[in-house]
Amino acid sequence: MKCPGQDPRYWKFDAIFDAECPSCGSKIEFFKDETRRKCKNCGEYVLNPKMDFGCAAHCKFAKQCFGDLPPELIKQKEDLFKDRVAVEMKMRLKNDFKRIGHASRVASMVERLIGVDKAKPAVLFAAAYLHDVEPAVQGANGDNVDQGDKAVARDILEKLDAPQELIEEVCSIIKNLDNPKDHESGDLKLVHDAHLLASLQEKIKKDELNEDYLSEVIDRDFLTDSGRSLAYELFPKTTPQLRAVTN
């Protein structure tokens, strides 16, 4: 069954119309169900000005309904998914504001580290928000037990109708976040560095780190150049140049 707004049986006289190209001013003929058309004069792709993309931002069948989604809508869907994951994380953690704040800081660091051409922002943000939603389970000796599959994160993503491939990647990142050096995933290493940046910020705020140890951690533990560069930006006294001058 097709959405009534996109089903030709429900169309009226205005189903075909002309729109002006915002780049060159030429007329472009649109059918009501087309998401965008290429201007014959200047070659620019123009979004259908009369199409409401609101439902596509949250509908998992949007691509089947609208065809190839324009980049603007893909970005909107990614932003909406990220926000929905954040809301679910807060609902699961309830009044645990410490863990909510930490997850939000990790996501903020991901946003600063993520490249403009990064292919999987949804994976990165979901892992950042959900890496600490799993309740700790203690073994007989009092140590926390690794639950392996990260069932709570998986449950949240399935509730949000996330693609299975995304769910597996996010759960893999969360599961291996403590030993990323044994894995080749660039996404895992980026989330690791975002988590490390957030943790260092929190420890510095509590005055739990001295500058020498902080410099050692930055030199030793970051796995990406972008993570280490952002650490130097956030903690300028740890840069090699300043250390050389002060030592």
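A search for C-beta distances below 9 Å between a residue of the range 199-213 that is assigned by TED's automatic domain parsing to the domain that holds Arg105 and among the aliphatic types (A, V, I, L, M) and any residue that is modelled with pLDDT of 80 or more and loosely packed, with under 10 Cβ neighbours inside 10 Å, counting only pairs 6+ apart in sequence or on different chains, returns nothing. Exactly one residue out of Ala119, Ala103 is under 11 Å from the mean Cα position of the chain (by Cα) and either at pLDDT below 95 or aliphatic (A, V, I, L, M) (or both): that is Ala119. Count of the range 25-44 residues, restricted to those that are within 32 Å of the chain's Cα centre (by Cα) and either loosely packed, with under 15 Cβ neighbours inside 10 Å or more than 25 Å from Lys77 (Cβ to Cβ) (or both), is 2. The residue list Lys90, Lys50 contains one member that is modelled with pLDDT of 70 or more and farther than 18 Å from Ile156 by Cα, which is Lys50. Taken over the range 169-190, the criterion of being assigned to a helix (DSSP H, G or I) and over 23 Å from Ser215 (Cβ atoms) is satisfied by Glu169, Val170, Cys171, Ser172, Ile173, Ile174, Lys175, Asp182, Gly186, Asp187, Leu188.
The values are calculated or read from the model by the stated rules, or taken from the named source; none is laboratory data. Because the structure is predicted, anything quoted here is derived from the model rather than measured. Here the Cβ is made from the backbone with ideal geometry for all residues, glycine too, and neighbour counts use every protein chain on show.
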